[in-house]
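No lab work stands behind these numbers, since they all come straight from the coordinates. What you see is a predicted model; the values in this text were computed from it and never measured. All Cβ positions, even for glycine, are placed from backbone atoms using ideal geometry, and neighbour counts span all protein chains on display.
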Amino acid sequence: MIERAWPAALVSLFLLSSSSPAGQPGAPNRRARFVDVTASAKIDFVHSSGSSAQKHMVETFGSGVAWVDYDNDGFPDLYFVNGAPGAPNALYHNNRDGTFSDVTRQAGVAGEGAGKTAYKTGVAVGDYDNDGFLDLYVTAFGPNVLYKNNGNGTFTDVTATAGVAGPPTEWSTSTGFLDYDRDGDLDLYVANYVEFPMTNSPFCGLRKEGYRMYCLPTLFDGVADRLYRNNGNGTFTDVSKQAGIANPAGKGLGVTFCDFDRDGDEDIYIANDMVRNFLYRNNGDGTFLDVAYGAGVGFDSNGKPQAGMGVDCADVDGDGLPEIFVTNFAEELNTLYQNRGDGIFEDVTQKAGLGSGFVPLGFGTKMFDLDNDGDLDIHVTNGHVIDNVKLYQPNLTYAQKDLLYENIGGKFRDITDVSGPALQVPRVGRGLAVADFDNDGNLDVVISSVGQRPALLRNQGTPGNNWITIRAEGTKSNRFGLGATITVETPEGRQVREINNAASYQSSNDVRLHIGAGKAKTISRIDVLWPSGTKQTLQNVAVNQNLVIKEQ
Amino acid sequence: MRGSIVFALAMLPVAPWASRSLDAQQTDQAKAAAIQERLKRVGADVMSRPDRANDAIRELKAILAEDPRSAEAHMYLGIAYRVLGSPEMIGEAVAELRQALELEPRHVPARFYLAHLYLNLGRATRAREELEAALAQAPGQPQFLALLGETERQVGNPRRSVDLNRQALQANDSLAEARYYLALALLDLKQTDEGIRELERVVQSGPAVVDAYVSLGTAYIEAGRFDAALETLARGTQIDAARPELRILMARAYRSKGLLDQAQAQLKLASSKRGASLASPFQQDQQVEFDLRLEQARLAAKQGRLDAAAESFQRVLDMDPEYAPAKRELAEVRKQMQERVQKKKPGGQR
């Protein structure tokens, strides 16, 4: 049932007000191009890494970024996590005219409590109390913080009541909300990294002046992740051990959720740093089993663990099953694991044309339809972790260009160089999150960088292609429908997508699902499989609208 | 050689207290029995056939695909990665052993191998924790005592190391690693003759462990017994020709005997055989790099190639600016360089 639709009229406004290389004479083709609109959007946030002579590893981490429509006005707002202790996080309200306003102070989400002593890292967005307003969870090397959205533009730190701070010296990274037990409320997964001795940071690299470098994670023990079950009353219970996800072997950096085996519940994939990755199959009874060995998603094709950073899952080959994409260290390939549907994945990185990811060090990533042609493309932001890497490896740089891949029939072409000047700028990229912030029908990208300004990259669109954005509204299921599987059929084909905003690196994407419809004028059919198990079908739906589907 | 050397792998049989994981018991009995049989076979290979490590890893991964919660499979996999010895797998080795202990804390051998890895990573305190936990579960176990002794030596307690290794040898007089660690502790205590005697016994007992030859070669050189050193080190190269430490030490012995061309040839071999970078997590790899630079500097100085010597000494100091011998020798080289310049000036030489 269509509850309401956002007008797409703003498309024309933006096209008129921005200089569009695609519209200029001599523009190469109809390919989507990105323009850096950070300054014109009035986003002046600067990340603080807390870099020091002691070279604490956490200084390399950067912090995440989230799209969160905290006031439910249909325009995604922006939340930047800030790293160094005392450095404030920032919430920017989307003014619906291409600009943003800093509302951090009135919203109360700067991180002035635990954030004063912690290095803040990741962020999750979800409505944990099903009140219809998106809440924020901020992770840290130190206590994590849960901000409850009061629904009036302010938030309250409810961490202590909710019981989700974690131990005071635990180093948490990526995080996400999911309803793993399908009871209608959102649970919380927190990836943890290593035991790092802040007071006695080991010396790595040459002892020559300027040559000290950040240490490898191999020198430190991993820390088990945490899973918090939502008790439905504003509190959570740490069920990590009984759920089977408390593995101290992990050094988690990336987290994402997909129903890989299409059994109706969400599974969990963790990208670990220099140890094998985990794939936790949801057993449907509150427990998980790490099936990475059997599924073939723990290592690269040579059987070696990689330095996993960011991760996403989605169907890129059009067979209805989600693949896994993991970004990795410099001189490692970013890995695409193709889901064969029999519980086994195949590393198809090279075959899929993703070889150009070898030199850069990948972090945040998202698979999304950047040109609305009905398949998922890939964006990766890059940046090395060792600021003086050039002293050791002259072929590498600290700041690096992003990578953008266009999906052409399940294979990828590197289109970075032809996708606008915004992608030619080297940055120390970390977080990356995707949303159509201006509701013009094209997915835009925000990137956080270590110690730098973020970059808001506006997608200028691909003329002629249609789209639809779906905002799921759960009634029996969680309020924003996280975990719902949506199947969209048009005369051009069928697409299967999941509503999952937890992906990338320490970041959170828009909770709305955006689907490119190509040249189709109408969506023939939309099937929704809600986390509650409810199935719902819509037929003959108009394209180019923001559609809200309420669970029946 | 500065720093510490540990055995590449102590071939420890899995003790009978290594029990099956609880989860495996809950699976279908026939399947569990078949897996157990495969684990027994592959476990024996891991412990006794390092040449089959890659095959064992493949088999263990296959077992884990069927039974992801098999603590034994995780443990053997960690040990197999340890056997491979490559820096890129050391993190995975630690991870597997820690997962094995999370699933089954009674797997004491996992603690032993984990302690070995921690020592390789320069984390003696964590190694000690694991070994103390292992000894609490298996009191008096001689291999655990020996490795704890070596751990104590590495944190600066050679006397405690001597005590622990003597305890280990009392329990098992033929335990080569206990004798080896005892010798290292004795050398640290400047009981050189006794240390050399113990190392000679280790080498004569015939374990194919290069570290013993490296240590004995070092001890001979420091005692001025260059021919004995060269003979011992040459025997070491027959076991593992790829170990650069042997070549660096041979270069040192040749240089000490004034055979500079032979020394040069050995250093060339050492350079070509070292694969690890400074970024290697292995302490031993960084030590090799340091020793190679130092020997290159000293040989160049002896050959009168003062510019090259100065550059190499500087590279040594880049790794350790406080290393006094390199500072002293660099100063001496620079003094000689100045004297050369003086001599070249008109009227500087009479």
* **For residues of B:92-101, the mean tally of beta carbons on other chains within 10 Å** => 6
* Which of A:Gly210, A:Ile270, A:Val297, positive extreme of dipole for chain A (C-beta unit charges) -> A:Gly210
* To do: Over all alpha-carbon pairs of the stretch B:304-344, lay out the pair-distance distribution in 5 Å bins, whole %, shortest bin first.
  => 6, 27, 30, 20, 11, 5, 2
* Asked: How big is chain B by the Kirkwood estimate over distinct Cα pairs, in Å?
  -> 22.0 Å
* Structure fact -> Checked the stretch B:73-127 with the C-alpha gyration tensor, a ≥ b ≥ c its square-rooted eigenvalues, rounded below a/c of 1.5, otherwise prolate if a/b is larger than b/c and oblate if not; verdict oblate
* Asked: Taking all pairs of different Cα atoms in the stretch A:393-450, averaging 1/r and flipping that mean, what Kirkwood radius in angstroms comes out?
  -> 13.2 Å
* Structure fact -> Listed with the fewest Cβ neighbours within 10 Å leading, B:Ile196, A:Ile408 appear as A:Ile408, B:Ile196
* To do: Could you size up the charge dipole of the protein assembly as shown around its Cα centre, putting +1 on the beta carbon of Lys and Arg and -1 on that of Asp and Glu, and report it in debye to the nearest 20?
  => 4140 debye
* Structure fact -> Checked chain A against the a/c 1.5 cut and the a/b vs b/c comparison, axes a ≥ b ≥ c from its Cα gyration tensor; verdict rounded
* Structure fact -> log10 I(q)/I(0) for the stretch A:219-281, Debye formula on C-alpha points only (no solvent), q = 0.22 Å⁻¹, two decimals, reads -0.97
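Kindly identify the stretch B:182-270 as rounded, prolate or oblate by the Cα gyration tensor criterion: order the square roots of the eigenvalues as a ≥ b ≥ c, call it rounded if a/c is under 1.5, otherwise compare a/b with b/c, prolate if a/b is larger, else oblate.
oblate
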* To do: Mind listing the long-range amide H neighbours of A:Glu170? Cut-off is under 5 Å, sequence gap 5 or more, other chains count too, H placed in the peptide plane at 1.01 Å from N.
  => A:Gly142
* For chain B: lysine pairs under 15 Å (alpha-carbon distance), excluding those fewer than 8 apart on one chain -> 7
* Cross-link table A:Lys208/A:Lys390; A:Lys251/A:Lys304; A:Lys251/A:Lys390; A:Lys208/A:Lys251, entries beyond 20 Å C-alpha to C-alpha -> A:Lys251/A:Lys390; A:Lys208/A:Lys251
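Relative to the Cα centre, what is the charge dipole magnitude of the stretch B:182-270, using +1 at the beta carbon of each Lys and Arg, -1 at the beta carbon of each Asp and Glu, and rounding to the nearest 20 debye?
On the way: 11 positive and 12 negative charges, 59 e Å.
With Lys and Arg at +1 and Asp and Glu at -1, about 280 debye.
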* Structure fact -> Dipole check, the stretch B:304-344, charges on Cβ (K,R +1; D,E -1), about Cα centroid: among B:Gln336, B:Ala308, B:Tyr323 the Cα furthest to the positive pole belongs to B:Gln336
* Quantify how much of the Cα-Cα distance distribution of the stretch A:249-326 extends past 14 Å, in percent. => 59 percent
* For the stretch B:304-344, with only Lys/Arg (+1) and Asp/Glu (-1) charged at the beta-carbon, what is the dipole magnitude about the Cα centre, in debye rounded to 20? -> 340 debye
* Structure fact -> With the dipole of the protein assembly as shown defined by +1 on each Lys or Arg Cβ and -1 on each Asp or Glu Cβ, the option from B:Pro158, A:Asn395, B:Ala133 whose Cα lies farthest towards the positive pole is B:Pro158
